[in-house]
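A.B. asks: Here it is: the structure, laid out below.
What follows draws every value from the coordinates through simple rules; no lab data is involved. Remember, it's a predicted structure, so these values are computed and weren't measured experimentally. Reconstructed Cβ throughout: ideal geometry from the backbone, glycine too, with neighbour counts over all protein chains shown.
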Amino acid sequence: MAGGRKLRGGRDGENALFGARPGADIDDGIFLTSDPTLATLLSRIKDASTLPVPMLIAGETGVGKEAVARFVHRWSGRGDRPFVALNAAAIPPDLFESILFGHRRGAFTGAFAASRGIFEEAEDGTIFIDEIGELPVPLQAKLLRVVESGEYMALGESESKYSGARVIAATNRCLGEEVRRGNFRSDLYHRISVLSFTVPPLRERVSDVKLLANHFLGTFAERLGIETPAFSARALRVLSNYHWPGNVRELKGEVLRSALRAGSGEVKTFHLSRNILVESARREGAAGDLEDRLRAVEFDAIFKALEASAWVVAEAARSLGVKRTTLLYRMKRLGIS
């Protein structure tokens with residue numbers, strides 16, 4: 001199916017934390033928290049999961065809005081039915097209606113075969129529409145109709161179809177402001193925000209950074225079949241000082257990147273990205289962090305030279321303008337093997 005991702009749920013045990021079942025949402029880290037505000041929010045979301053009404057999840061990019069939607073789906077009583085995810089920001093405007101509602105053969109140029117839309121694919125499960133603010137205004141009226149009555153019409157069809165799917169929408173915008181600007185229908189906004197929750201950004205729950213970083217590190221090690229490495233105390237402090245504009249998603253990527261650099265050894269500060277080291281030093285105002293940044297620059301230069309030479313040390317040394325023995329010494333000092 002173009003434009004959407006379909007998942008059939010399962011009931012394969014429970015995790016003690018919020019009773020969440022193992023799956024993508026645990027991996028995304030949204031349920032791992034020591035922050036009382038987020039813990040309370042997740043408890044409220046769980047309580048609202050079984051209510052047969054639409055839901056709006058707001059929050060910055062990367063906070064885990066889809067993970068929340070999957071959590072709701074699993075606790076809604078629809079967990080054994082399809083979960084279909086759609087990112088409205090990734091859909092060309094002229095394909096929106098077909099992807100949502102489907103089309104019959106010949107409905108438009110290039111429609112050589114009939115296609116089911118996500119409302120038909122979802123059956124009586126859950127439809128997750130991310131970045132719903134990107135929906136064209138003319139299509140919002142048709143979405144409102146199916147949200148209110150379950151009725152919709154495929155392109156080229158003359159008879160209505162019915163969907164029992166629950167709609168969960170997400171946005172990183174202030175939809176109320178979009179309504180005032182005329183970019184979003186007020187009736188659709190009020191309909192999908194009957195239940196509305198805002199997921200806090202990672203910078204507002206700094207205590208979770210260490211928890212999530214260690215969780216992701218263990219997850220990656222398990223997938224790679226290696227012994228779980230550890231962060232140095234200094235590396236964890238640097239991660240905690242960073243402001244994480246990309247939130248949990250950015251942290252997850254940084255942990256994977258630094259773990260691959262460190263190999264099976266301890267993840268140290270110079271394995272971290274330079275922008276994180278610089279930002280952490282700025283926030284701490286610590287002159288001693290210059291050494292960390294210099295080591296990171298050296299690590300980057302050596303690592304890139306080794307990759308470019310297919311890890312032939314002699315070639316990498318020539319490209320860097322140093323002796324092979326000098327490069328081997330520096331590699332050993334930086335933990336590159």
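A.B. asks: Gaussian network model of the chain, Cα springs within a sub-10 Å range: biggest mean-square fluctuation belongs to which of Ala141, Ala113, Ala48?
C.D. replies: Ala113
A.B. asks: Mind giving me the FRET efficiency for Arg180 and Arg274? R0 is 51 Å, r the Cβ-Cβ distance, nearest 0.05 is fine. The partial results should precede the final answer.
C.D. replies: Values: r = 41 Å, r/R0 = 0.80.
It comes to 0.80.
A.B. asks: Ranking Thr33, Thr126, Thr171 by Cβ neighbours within 10 Å, fewest first, what do you get?
C.D. replies: On the way: Thr33 20, Thr126 26, Thr171 23.
So the ranking, lowest neighbour count to highest, is Thr33, Thr171, Thr126.
A.B. asks: Compute the acute angle (0 to 90°) between the alpha-carbon long axis of helix 324-334 and the principal axis of greatest extent of the alpha-carbon atoms of the chain; round to the nearest 10°.
C.D. replies: The helix 324-334 is inclined about 60 degrees to the chain.
A.B. asks: May I ask you to evaluate 6.51 cos²θ - 1.76 cosθ + 1.60, the Karplus curve with θ = phi - 60°, for each residue of region 306-311 and list the ³J(HN,Hα) values in order in whole Hz, giving x for glycine and proline?
C.D. replies: 5, 5, 5, 9, 6, 6
A.B. asks: I've got another one for you. Any idea which of Phe119, Cys174, Thr37 is furthest toward the positive side of the dipole for the chain, if Lys and Arg beta-carbons carry +1 and Asp and Glu beta-carbons -1?
C.D. replies: Of the candidates, Thr37 comes out farthest on the positive side.
A.B. asks: Now, a different point. Could you size up the charge dipole of the chain around its Cα centre, putting +1 on the beta carbon of Lys and Arg and -1 on that of Asp and Glu, and report it in debye to the nearest 20? Before the final figure, lay out the partial values.
C.D. replies: Values: 47 positive and 42 negative charges, 181 e Å.
Dipole magnitude for the chain comes out near 860 debye.
A.B. asks: Roughly how many whole Å is it from the C-alpha centroid of region 36-101 to that of region 216-231?
C.D. replies: That distance is 29 Å.
A.B. asks: Sticking with this structure for a sec: So for the pair Tyr329, Ala113, with labels modelled 7 Å out along Cα→Cβ, what separation do we get in nm?
C.D. replies: Taking the simple label geometry, Tyr329 and Ala113 are separated by 6.5 nm.
A.B. asks: Rounded to the nearest 500, what is the chain's calculated 222 nm mean residue ellipticity when only DSSP H runs of at least 4 contribute -39500 (n - 2.57) each, over all residues? Walk me through the intermediate numbers first.
C.D. replies: On the way: 15 runs with 158 residues, N = 337.
Helix contribution divided over all residues of the chain: -14000 deg cm²/dmol.
A.B. asks: Follow-up. On a 20 Å Cα-Cα criterion, which of the cross-link pairs Lys65/Lys161; Lys46/Lys142; Lys268/Lys304; Lys65/Lys252 come out too long? Working shown, then result.
C.D. replies: Values: Lys65/Lys161 29 Å; Lys46/Lys142 29 Å; Lys268/Lys304 18 Å; Lys65/Lys252 15 Å.
Over 20 Å Cα-Cα: Lys65/Lys161; Lys46/Lys142.
A.B. asks: Relative to the first principal axis of the alpha-carbon coordinates of the chain, what is the inclination of helix 137-149, with its axis defined by its Cα atoms, in degrees from 0 to 90 and to the nearest 10?
C.D. replies: Helix 137-149 and the main axis of the chain meet at about 70 degrees.
A.B. asks: Counting other C-beta atoms within 10 Å, which of Trp244, Trp311 has the fewest, and how do the rest follow? Each step should come with its number before you reach the end.
C.D. replies: Working: Trp244 24, Trp311 11.
Placing the least packed residue first, the sequence is Trp311, Trp244.
A.B. asks: In degrees from 0 to 90, rounded to the nearest 10, what is the angle of the helix 247-262 Cα long axis to the longest principal axis of the chain?
C.D. replies: Roughly 30 degrees between the two axes.
A.B. asks: Moving to a separate point now. State the answer as a single residue: which of Phe220, Pro245, Ser264 lies farthest towards the positive end of the charge dipole of region 203-297, with beta carbon charges of +1 for Lys and Arg and -1 for Asp and Glu, about the Cα centre.
C.D. replies: Pro245
A.B. asks: Calculated FRET efficiency, Lys304 and Lys210, Cβ-Cβ r, R0 22 Å, to nearest 0.05? Intermediate results must be reported in sequence, preceding the final value.
C.D. replies: Numbers: r = 29 Å, r/R0 = 1.32.
Efficiency at R0 = 22 Å is approximately 0.15.
A.B. asks: Ranked by Cβ crowding within 10 angstrom, fewest neighbours first, how are Leu195, Leu306, Leu224, Leu188 ordered?
C.D. replies: On the way: Leu195 17, Leu306 20, Leu224 13, Leu188 24.
Fewest to most other Cβ atoms nearby, the residues stand as Leu224, Leu195, Leu306, Leu188.
A.B. asks: Further question on the same structure: Work out the charge dipole of the chain with +1 on the Cβ of Lys and Arg and -1 on the Cβ of Asp and Glu about the Cα centre, then indicate which of Ala310, Ala48, Ser273 is farthest towards its positive end.
C.D. replies: Among Ala310, Ala48, Ser273, the one farthest towards the positive end of the dipole of the chain is Ala310.
A.B. asks: Quote the FRET efficiency, to the nearest 0.05, computed for Glu291 versus Glu315 with a Förster distance R0 of 25 Å and r equal to the Cβ-Cβ distance. All intermediate terms of the calculation are to be shown ahead of the outcome.
C.D. replies: Numbers: r = 29 Å, r/R0 = 1.15.
Result of the calculation: an efficiency of 0.30.
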